[in-house]
Amino acid sequence: MSREMTGAQIVVQALKDQGVDTVFGYPGGAVLPIYDELFKQNDIRHILVRHEQGAAHAAEGYARSTGRPGVLLVTSGPGATNAVTGLTDALMDSIPIICLSGQVPTFLIGNDAFQEADTVGITRPCTKHNWLVKDTARLAGVIHQAFYVATHGRPGPVLIDIPKDVQFAMAPYVKPDKAPRLPYAPRVKGDPERIREAVELIENAQRPIIYSGGGVVNSGPEASRLLRELADETGFPVTSTLMGLGCYPASGKGWLGMLGMHGTFEANMAMHDCDVMICIGARFDDRITGRTDAFSPGSKKIHIDIDPSSINKNILVDVPIVGDVKNVLADMIALWRERGARTRADRVDNWWRQIKEWRSVQCLRYRNSDKIIKPQYALQRLQALTADRDRYVTTEVGQHQMWAAQFLGFEEPNRWMTSGGLGTMGYGVPASVGVQIAHPDALVINVAGEASFMMNMQEMSTAVQYRLPVKQFILNNERLGMVRQWQQLLHGERYSASWSEALPDFVKLAEAFGCKGIRCDDPADLDDAIREMLDHPGPVIFDCVVEKHENCFPMIPSGKAHNEMLLGDAATEGAIEAGGAVLV
Amino acid sequence: MNALRIKRGSSSHSAYNLRPALKEGEERRTLAVLVENEAGVLARVIGLFSGRGYNIESLTVAETDHVSHRSRITIVTTGTPAVIEQIKAQLARMVPVYDVHDLTTEGPAVEREMALVKVACTGEARVEALRLSQVFRANVVDTTLESFVFELTGAPEKIDAFVELMAPLGLVDVARTGVAAITRGPKGM
Ligand SMILES: Cc1cc2nc3c(=O)[nH]c(=O)nc-3n(C[C@H](O)[C@H](O)[C@H](O)COP(=O)(O)OP(=O)(O)OC[C@H]3O[C@@H](n4cnc5c(N)ncnc54)[C@H](O)[C@@H]3O)c2cc1C
Ligand SMILES: Cc1ncc(C[n+]2csc(CCOP(=O)(O)OP(=O)(O)O)c2C)c(N)n1
């Protein structure tokens, strides 16, 4: 017979048994018993954020940079509703986080009680699964199940809503291995027959491309290692989505850069013209496919994905393989070697010649200036000055995010944390906090736009409190740059509400938070200013004043095909038709 | 008289089929979904359909195994084959779902629906209503001097047809259960 405990003690014990060392949270009436138990122990560290959205993004940053689930604790009502954006973000990007929310006592549920919200109702569509626990005896089992669901199959956010009386009541504790089993049993091994078909396609491919995505990061470091083996031994070119950056090293010989709407010319052209596409843990998102009926029309498509609903959702594929990337790649590479490790090397060489021609377009070229800092230049300098460090980068959402994806190079997975699917401005600051908590000695940089930065900048206070030396690298164009770019290209240059007016003085703001502020507006001073930021042992807000009207290219306008890419300002006039404007 | 405003529909099955005609390229499928009977499971399934814009023609649910708390949801839906495949994959990946079966393709399957049909009429119409109910093998489960409640079981088209025939005779109310379905033959799901 296991020990009886209160519900609140069960919560803390279950978290410990799940290996949790950090909880991001914010207290309130409905979670006070749990906070009381956290107070009495030292194994789990509680990080007090400044807004529950921040707790969710911090947990995401923690999770993405470690491969372990992130945990947040919020109170009922407004605490839970504030976490909703973060949960939705984690759902879209397949990030495992566990949200514990307090709820009014069971006997008040449905009464419009103080700080009551239908939290499981509100979060049902934005979690992978959620639970309202009305009986303390079920609490431990549900928490263990929640960790299982968050981290198995396609990872995602889960929420456990715990009424206050359930936190006080006594029940026996249940250990993780005794938790009741769920129907949920995702398939992790690929079908050998399909894997054989895939190997045959690989052997005969003349114009192959590996299209890798966030699923490789989700699958763990072994998956990235296998991806590198496959790419380097076959000599096939590799591109990746925004979510997959780092799975294949930017310095690797097969690397084509990111693909998609703001991806490189060579990656998109190769996707369009390939004869065999090997999609590994990516989901044919609309930022990738552009016009679906013109997407890579001549290729045979292999798709490895752990979630059967990702397969044939947007694009019909020829060889679907349901399974975990690391297992499927291991089996695939083993079979390919067993059959003689064959490729059509001469044809693949020709293909590379074509790719090099595309590469010679130098699609990321921009006109530099010695008077104004170009955002691309700022990122090139940041890259140059940090390339030798094991560096973690988070971003906000907008042009700066795309430039960061284009101009920073990632050598390892789990080093790049960005909001891809939901595109949540305000993600980066709290995510950088979560990453720094997980990696106290690492260099953590949030590449931000000034508008996004202001959406969750209250978390600088968290950074200062916990002495987290996060570097906020703000590319300040005094514009909602990405919106401004779309208005310029799609809405007749009517710049409706896309200014950042009345901006604060970011240096003074930094000082007010108790951290260091740096401002730089001269390209000649930039290197020194960046070094000053890197050398400072504490958190820094770096206000990098950049060109206001720079556009992010290349760009495939919504609703266009991969080979209809815009390369620079000159090419853009009249390039986007009215029909494209309805798409996002 | 015709309180329910039932129009004679254009039909691919029979002259009396009132169900909307399928759109070009769409199919109608009957899915059986075995789920853990936990709180909110039905809201989850319905939320999936509304959130992703899938159609529900009918949905029935009840616990079918009281010991292990499993419920069986029968959903009749329409969509293109690609959408139907998505619906099945989306259902199958839900945490409380054990199994999803497409009875239309795995069939043959028996599909039955039950309806309660209230008709208020007197005189000749009343006699006609009763006569027709015998043709359809409906049971009279309530009667007054000026009304009947008929209980009728059958394929949805049969119920459509009966309801349509009752319309001019004094149809007042219809309650339908939606389709329950099961495969023919000895094998279980
Ligand atoms: C302003 C803006 C612009 C953008 N522009 C671009 C762009 O130009 N290019 C671009 O690429 N993206 C862009 N994005 C991001 C884009 O919206 C998507 O988030 C991204 O393309 C999705 O990446 P993914 O396909 O790798 O999928 P993810 O969202 O990372 O999904 C991973 C897939 O892998 C599967 N998976 C998960 N775990 C495993 C496992 N263990 N084994 C097997 N499979 C697994 C999942 O089921 C899922 O299908 C942009 C976003 C923003 C905000
Ligand atoms: C929460 C939220 N609101 C609105 C948007 C729409 N949006 C996308 S990018 C962008 C502008 C971002 O401006 P900034 O952070 O300054 O970055 P820049 O594009 O200038 O680099 C906006 C408003 C969003 N992605 N997220």
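The values are calculated or read from the model by the stated rules, or taken from the named source; none is laboratory data. Keep in mind the model is a prediction, meaning the values are calculated, not measured. No Cβ is skipped: glycine too gets one built from the backbone with ideal geometry, and neighbour counts run over all protein chains shown. For the accessible areas, the whole protein counts, side chains as well, though only heavy atoms, and no ligand, DNA or RNA atoms are used. Shrake-Rupley method; radii C 1.70, N 1.55, O 1.52, S 1.80 Å.
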*A:F410: within 28 Å of A:D525 (Cα to Cα), in contact with a Cys (Cβ under 7 Å, 6 or more places away or on another chain) and away from ligand 2 (no atom under 11 Å from the Cβ), yes or no?*
no
*Hey, could you check region A:274-323 for residues that are assigned to a helix (DSSP H, G or I) and under 23 Å from the mean Cα position of the chain (by Cα) and say which is farthest from ligand 2 (Cβ to nearest atom)?*
A:P308
*asked:* Can you tell me which of (1) in contact with a Lys or Arg (Cβ under 8 Å, 6 or more places away or on another chain); (2) open to solvent by less than 30 Å² (accessible area, probe 1.4 Å); (3) within 8 Å of ligand 1 (Cβ to nearest atom) is the one A:V276 doesn't meet?
replied: (3)
*Specify the residue that is farthest from the chain's Cα centre (by Cα); the eligible residues are those in region A:390-407 that are away from ligand 2 (no atom under 16 Å from the Cβ) and at pLDDT 95 or above.*
A:R391
*Hey, among A:G213, A:G290, which residue is within 12 Å of ligand 1 (Cβ to nearest atom), in contact (Cβ under 8 Å) with a residue 12 or more places away in the chain and under 18 Å from A:I306 (Cβ atoms)?*
A:G213
*Write out, first by first residue and then by second, each pair whose Cβ atoms fall under 7 Å of each other, whose residues are 6+ apart or on separate chains, and whose first residue, in region B:143-161, is closer than 20 Å to B:C121 by Cβ while the second is of a type in the set (G, A, S) and open to solvent by 20 Å² or more (accessible area, probe 1.4 Å).*
B:E146/B:A120; B:S147/B:A120; B:A161/B:S14
*asked:* Take the conditions over 22 Å from A:A384 (Cα atoms), within 16 Å of ligand 1 (Cβ to nearest atom) and in contact with a helix residue (DSSP H, G or I) (Cβ under 7 Å, 6 or more places away or on another chain) and apply them to A:L408. Does it pass?
replied: no
_Here is a list: A:A524, A:A570. Which entry is in a helix (DSSP H, G or I), at pLDDT below 95 and open to solvent by 10 Å² or more (accessible area, probe 1.4 Å)?_
A:A570
*Here are some residues: A:V433, A:V444, A:V507. Which one is touching a residue at least 60 places away in the same chain (Cβ under 8 Å) and among the β-branched types (V, I, T)?*
A:V433
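Residue-by-condition table, conditions (1) of a type in the set (D, E); (2) within 14 Å of chain A (Cβ to nearest Cβ); (3) under 20 Å from the mean Cα position of the chain (by Cα):
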| position | (1), (2), (3) |
| --- | --- |
| B:A82 | no, yes, no |
| B:K88 | no, yes, yes |
| B:M94 | no, yes, no |
| B:P108 | no, no, yes |
| B:E128 | yes, no, no |
| B:R131 | no, no, no |
| B:Q134 | no, no, no |
| B:N139 | no, no, yes |
*Going through region A:188-197 one residue at a time, which ones are touching a helix residue (DSSP H, G or I) at 6+ places or on another chain (Cβ under 8 Å) and either more than 14 Å from chain B (Cβ to nearest Cβ) or open to solvent by 100 Å² or more (accessible area, probe 1.4 Å) (or both)?*
A:K189, A:G190, A:P192, A:I195, A:R196
*Scope region B:30-67; condition within 14 Å of chain A (Cβ to nearest Cβ), outside any loop (DSSP other than H, G, I, E, B) and open to solvent by less than 50 Å² (accessible area, probe 1.4 Å); matching residues*: B:V33, B:L34, B:V35, B:E36, B:V41, B:A43, B:R44, B:V45, B:G47, B:L48, B:F49
*Filter region A:339-377 for residues that are open to solvent by less than 50 Å² (accessible area, probe 1.4 Å) and of a type in the set (S, T, Y) and give the result.*
A:T343, A:Y366, A:S369
*asked:* Name the residue that is surrounded by the most Cβ atoms within 10 Å (Cβ to Cβ), counting only residues in region A:219-261 that are among the hydroxyl-bearing types (S, T, Y) and farther than 28 Å from A:G153 by Cβ.
replied: A:T234
*asked:* Among the residues of region A:419-427, are any more than 16 Å from ligand 1 (Cβ to nearest atom) and either of a type outside the set (S, T, Y) or within 14 Å of chain B (Cβ to nearest Cβ) (or both)?
replied: no
*Please tell me if A:I372 is under 21 Å from A:V216 (Cβ atoms) and either more than 14 Å from chain B (Cβ to nearest Cβ) or touching a helix residue (DSSP H, G or I) at 6+ places or on another chain (Cβ under 8 Å) (or both).*
no
_What's the total number of residues in region A:378-388 that are open to solvent by 50 Å² or more (accessible area, probe 1.4 Å) and modelled with pLDDT of 95 or more?_
3
*Within region A:157-186, work out how many residues are at the interface with chain B (Cβ under 10 Å from one of its Cβ atoms), touching a helix residue (DSSP H, G or I) at 6+ places or on another chain (Cβ under 8 Å) and touching a residue at least 60 places away in the same chain (Cβ under 8 Å).*
1
*Hey, can you tell me all the residues within region A:428-454 that are assigned to a loop (DSSP other than H, G, I, E, B) and either within 12 Å of ligand 1 (Cβ to nearest atom) or within 18 Å of A:R479 (Cα to Cα) (or both)?*
A:M454
*Among the residues of region A:204-215, write down those that are open to solvent by 10 Å² or more (accessible area, probe 1.4 Å) and within 16 Å of A:T343 (Cβ to Cβ).*
A:N204, A:Q206, A:R207
*Out of B:E57, B:E38, which single residue is of a type in the set (D, E, K, R), touching a Gly at 6+ places or on another chain (Cβ under 9 Å) and at pLDDT 90 or above?*
B:E57
*Any residue in region A:468-479 that's of a type outside the set (A, V, I, L, M, F, W, C): show its pairings with residues that are in a loop (DSSP other than H, G, I, E, B) and within 8 Å of ligand 2 (Cβ to nearest atom) at Cβ separation under 8 Å, as long as the two are six or more apart or on different chains.*
A:E478/A:S500; A:R479/A:S498; A:R479/A:S500
*Please specify each residue of region A:300-316 satisfying the condition of being under 12 Å from A:I280 (Cβ atoms), away from chain B (no Cβ under 11 Å) and open to solvent by 10 Å² or more (accessible area, probe 1.4 Å).*
A:K301
*Inside region A:69-182, counting only helices (runs of 4 or more DSSP H) that do not spill past its ends, which hold 2 or more residues that are polar (S, T, N, Q)?*
A:78-82, A:84-92, A:119-123, A:136-151
_Take the conditions away from ligand 1 (no atom under 15 Å from the Cβ), outside any loop (DSSP other than H, G, I, E, B) and either at pLDDT 95 or above or open to solvent by less than 10 Å² (accessible area, probe 1.4 Å) (or both) and apply them to A:E266. Does it pass?_
no
*Mind listing whichever residues of region A:484-504 are within 12 Å of ligand 2 (Cβ to nearest atom) and in contact (Cβ under 8 Å) with a residue 24 or more places away in the chain?*
A:R484, A:Q485, A:S500, A:L503
*asked:* Can you pull out every residue in region A:450-467 that is without any contact (Cβ under 8 Å) to a residue 60 or more places away in the chain, small (G, A, S) and open to solvent by 10 Å² or more (accessible area, probe 1.4 Å)?
replied: A:A451
